[in-house]
Each structure stands twice: as structure tokens, then as C-alpha cells.
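Below: one structure, written as C-alpha cells.
What follows is calculated from the coordinates using simple rules that are stated; it is not laboratory data. It should be emphasised that the depicted structure is a prediction, and the values quoted were computed from it without experimental measurement. Here the Cβ is made from the backbone with ideal geometry for all residues, glycine too, and neighbour counts use every protein chain on show.
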Amino acid sequence: MIVCKGVRLPKISGIAIFPFIIVRSQVPSVTLLNHEKIHIRQQIELLVVFFYIWYVLEWFMHYLKVRNFWAAYRMISFEKESYCHENDLDYLKKRKFWAFLNHI
């Protein structure tokens, strides 16, 4: 985990960029860390580069529909899965392979 003290993360608390989790807070919540760990697992499943390609394409497709950056972001299947399960700290232990497909 990397804590970005002087770096501004606009409107976000953290970001997962394999193999790192970059957070704004010195003491991130367990919920935030779990959310980002789910993204790390998604990235591994899609061999990292395909995750980013899929993520951007899905965001762009949703953006064309809703014309709102943050609404499009919340519609991404990877984000839906992470937000849906971020409070379940055991989720990664029981998560099935490519579970984000259930959130399309």
C-alpha cells in the first residue's frame, strides 16, 4: 500500500494500480482497502492490461449514454462488484473467477 501524502487524488480515496493500492489517507478504512483489493483480483484475472482496456471501454460506453463522468464510473461492472462487496471482508475468500460479469 502506498500513502500519497502530497499527491492529490481528485475526488477519490484510493486507486488500485497493480500491484499497488494508492490511498489518500494515512489510515485508510478496511472497507476502502477491501474495495481496492477486489480491483487487484479483477486485474489479475484479466492479466492487468485487459482490465484497463475493458475498464476504459466500459466507462466510455456508459459515458456516451449518461454524459456524466461519475455516473458512468459507477456503472462499470468492476466498480459495481467492488462497491457491492466492499463491506464483506471475507468476499475475496469465496469470490468466483470473473465474478464481475455478474454485475454487467
- Query: Taking every eigenvalue of the Cα gyration tensor of the chain, multiplying by 5 and rooting it, what semi-axes result, largest first, whole Å?
  - Reply: 21, 18, 13
- Per the helix-only model, the chain has a calculated mean residue ellipticity at 222 nm (DSSP H runs of ≥4, -39500 (n - 2.57) each, divided over all residues, rounded to the nearest 500) of -15000 deg cm²/dmol
- Estimated dipole of the chain in Debye, rounded to 20 [Cβ of Lys and Arg +1, of Asp and Glu -1, Cα centre]: 200
- Between beta-carbons, use under 12 Å as the cut-off and find the net charge around PHE18, counting Lys and Arg +1, Asp and Glu -1. 0
- Query: Taking trypsin sites (Lys or Arg not before Pro) that fall in a DSSP loop and have at most 12 other Cβ atoms within 10 Å as cut points, what is the longest piece of the chain between them?
  - Reply: 12-66
- For ASP90 and MET61 in the same chain, what is the full-extension length gain: residue separation times 0.36 nm, less their Cα-Cα distance, in nm? 7.3 nm
